[in-house]
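The values are calculated or read from the model by the stated rules, or taken from the named source; none is laboratory data. What you see is a predicted model, and the numbers here were worked out from it, not measured in a lab. Reconstructed Cβ throughout: ideal geometry from the backbone, glycine too, with neighbour counts over all protein chains shown.
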Amino acid sequence: MSNFRTLSAGEIAALEAVGCHAADWSLVRTSAQTVDVSRFRDVQFSGYIELGCFEKDFTLPGGVVKPSGIRHSTLHNVRVGDNCLIDNVSNYIANYDIGEGSCIENVDLMFVDGECSFGNGVQVSVLNETGGREVKIFQRLSAQLAYVLAMYRHRPELISRLNAMIDDFSRRQRSSVGRIGKHVTIRNTRYINGVCVGDRAVISGASRLRNGTITSNDAAPVCIGHGVIADDFIICSGTSVEDNTTLTRCFVGQACKLGHGYSASDSLFFSNCQGENGEACAIFAGPFTVTHHKSTLLIAGMFSFMNAGSGSNQSNHMYKLGPIHQGILERGSKTASDSYILWPSRVGAFSLVMGRHVTHSDTSNLPFSYLIEQQNTTYLVPGVNLRSVGTIRDAQKWPKRDGRSDPDRLDCINYNLLSPFTIQKMIKGIKLLHNLQYSSGELSDVYSYHSTKIRNSSLRNGIRFYQTAITKFLGNSIIKRLENLPAGATDQQIREALVPDIPEGCGNWIDLSGMIAPKEVVSSVLDRVENGALDSLEELNRTFAQMHKNYYTYEWTWAYGQYKDFFGIDPETITAEQVISIVQQWKDAVIGLDKTLYEDARKEFSLSAMTGFGADGTKIIKEMDFEQVRGDFESNSFVTAVLEHIKVKEALGDDLIARLQR
């Protein structure tokens, strides 16, 4: 809006004739050449007021048409953009800039009282309710930055500098005037205090919104629905918070969905999380953390790519020093119905937890496992989840379910099931299992490890599963690296093609809540923050994004260093025959694993799986009913994908072998 003018005496008289009044008409200004008095009725103005032009109409759901304008409302220190509709504000709107095309109807009270940072800088006591891992939320917070803030407390200077950057950002957001973006809808909402709302947001039926920011935009609107109560919050683009959800001191990332009475306090939710019916307290919910059930409580835990079963529960105190304990379920873990974990515990990546576990186990170096409770004892089945159809299906569905439509994505997400992060754990897992065999004897029935029990058969199968997965990963890596190698290449050409592009990538890898990266690369970036060379939050997020982009370059550097130990083949002296040997082992591993998945999928179509089908008929009718509802095994999309995967991988391996054979 520009070129504002004061109202003429005639316009003031005409407005007063339709019930409008001002404490001081000289402070009411307009950008319209002529004020259309028909668009005003029963409005009280006070303080500084700026009014845009009101020329267009609103078509509401159901086809109702309402003209833009201001009716039955009280405004104090408000700027109203062009073609807004403000109607039936029962109390008042104070200290707000309202963008063009916005609609505010049936609102009780909406105001900013003094200077406010709109949720930026609010301290969230994540993971540990009694404090010690606080994360200051702000509207540009990424999962990676939050991970560092929560988990790198051993570097106090780093945390101090990061918090100083966030404080500076929060100070720049402070204002005594709130902002409602363009084309925002706020309807049937009772109380809004100190909340900034981005473009295209829809707030319909909310109960209370206090001290927060909603970063909605044209590409990814935000929806806040009926009965929502949110205090001290940040809600990011593309997110939906509806149906009596209650949030207290929470950050809700991009494309999240919270609803059906979900309750959360002191928690962080990052991209594509879903929460319904249950409760969260002091959790760090990395990307794709999902909980749908009314009886489910997530507390004081770190999760990502996680699915919580109904009745899942954790306990973060043992009735001694209070709620000081925390736990980690590494990426891809699941909890079965009525599972329970007594913190502190740590569960390895892509593991399944069933039953009640009270022994503080740490299975982080045994990923893809089952933790099963039997007679108050935790039994560990290493690596068995590698052959599960559910695990592969999850890995396939996550990229498809990324609901972020905002081109400005805050979180870096790596969807890979097998990566240096999980493979390094399998390598350690194999050594660990061999050591258990050596120390307790190969004929032992049960082995003890970190408050868990491992049966002999499970241990031997775990070693085999891990070896298969490592072979698959390293085979994939070398085939990808040599995909452009010309036919008949010499051994020297092969060696030169295998040399890593960069030295970074060796050593341990870590999972920064969705982003997988070499620890040394992350540490070097954090060193720059610590010594002041990197002093901008935006630059830090860009650095994380570049690190994420370089994943496959780093990955090859790491894989290059593993061939000598695992296959006994040095890449610096490798020959075509040795590459062929690796590819043959890779083919056996991939095809063997796919056949295992194929057989696991077949169980879903067994007669026992048909129980409940064909309720009033014979076995034939049961099978027909099952087929009509679930389809037949051979035409199932996952089954056909597995069979196609076998063909494609065989062809890929055969192609490289053919090019290497002389």
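Any chance the range 34-54 includes a residue that's closer than 17 Å to Val184 by Cα and among the polar types (S, T, N, Q)?
No, the range 34-54 contains no residue that is closer than 17 Å to Val184 by Cα and among the polar types (S, T, N, Q).
What are the residues in the range 279-326 that are surrounded by fewer than 24 Cβ atoms within 10 Å (Cβ to Cβ), part of a strand (DSSP E or B) and either small (Gly, Ala, Ser) or without any contact (Cβ under 8 Å) to a residue 12 or more places away in the chain (or both), if any?
Matches in the range 279-326: Ser315 only.
Mind telling me which of the residues Ser405, Ser388, Ser339 ends up being surrounded by fewer than 17 Cβ atoms within 10 Å (Cβ to Cβ), of a type outside the set (A, V, I, L, M, F, W, C) and not assigned by TED's automatic domain parsing to the domain that holds Thr640?
None of the other options fit; the residue is Ser405.
What number of residues within the range 33-77 satisfy the criterion of being among the small types (Gly, Ala, Ser), exposed (fewer than 14 other Cβ atoms within 10 Å of the Cβ) and touching a strand residue (DSSP E or B) at 6+ places or on another chain (Cβ under 9 Å)?
Selection size over the range 33-77: 1.
Name the residue, out of Arg331, Arg356, that is over 14 Å from Ser458 (Cβ atoms), of a type in the set (Lys, Arg), in contact with a strand residue (DSSP E or B) (Cβ under 8 Å, 6 or more places away or on another chain) and without any contact (Cβ under 8 Å) to a residue 24 or more places away in the chain.
Result: Arg356 is the single residue among Arg331, Arg356 that is over 14 Å from Ser458 (Cβ atoms), of a type in the set (Lys, Arg), in contact with a strand residue (DSSP E or B) (Cβ under 8 Å, 6 or more places away or on another chain) and without any contact (Cβ under 8 Å) to a residue 24 or more places away in the chain.
Between a first residue in the range 238-249 that is assigned to a loop (DSSP other than H, G, I, E, B) and a second residue that is β-branched (Val, Ile, Thr), which pairs have beta carbons less than 6 Å apart while being 6 or more apart in sequence or on different chains?
Thr239/Val222; Thr239/Val252; Thr245/Val228
Just for strands (runs of 3 or more DSSP E) wholly inside the range 433-552: which have at least 1 residues that are touching a Phe, Trp or Tyr at 6+ places or on another chain (Cβ under 8 Å) and either among the hydroxyl-bearing types (Ser, Thr, Tyr) or surrounded by 19 or more Cβ atoms within 10 Å (Cβ to Cβ) (or both)?
452-455, 509-512, 515-518
Closer than 29 Å to Ala395 by Cα, touching an Asp or Glu at 6+ places or on another chain (Cβ under 7 Å) and at pLDDT below 95 - does that describe any residue in the range 278-289?
yes
Mind listing whichever residues of the range 553-564 are in contact with a helix residue (DSSP H, G or I) (Cβ under 9 Å, 6 or more places away or on another chain) and either assigned to a loop (DSSP other than H, G, I, E, B) or not hydroxyl-bearing (Ser, Thr, Tyr) (or both)?
Glu555, Trp556, Trp558, Ala559, Gln562
Which number in (1) free of Cβ contacts under 8 Å to residues at least 40 places away in the same chain; (2) in contact with a Phe, Trp or Tyr (Cβ under 6 Å, 6 or more places away or on another chain) marks the one condition that Asp42 misses?
Only one criterion is unmet by Asp42, namely (2).
Being touching a residue at least 40 places away in the same chain (Cβ under 8 Å) and within 19 Å of the chain's Cα centre (by Cα) is the filter here; which residues of the range 499-539 pass it?
Ile510, Asp511, Leu512, Ser513, Gly514, Met515, Ile516
Please give the number of the condition Val499 fails out of (1) within 30 Å of Leu660 (Cβ to Cβ); (2) modelled with pLDDT of 95 or more; (3) among the β-branched types (Val, Ile, Thr).
Going through the list (1) within 30 Å of Leu660 (Cβ to Cβ); (2) modelled with pLDDT of 95 or more; (3) among the β-branched types (Val, Ile, Thr), Val499 breaks only (2).
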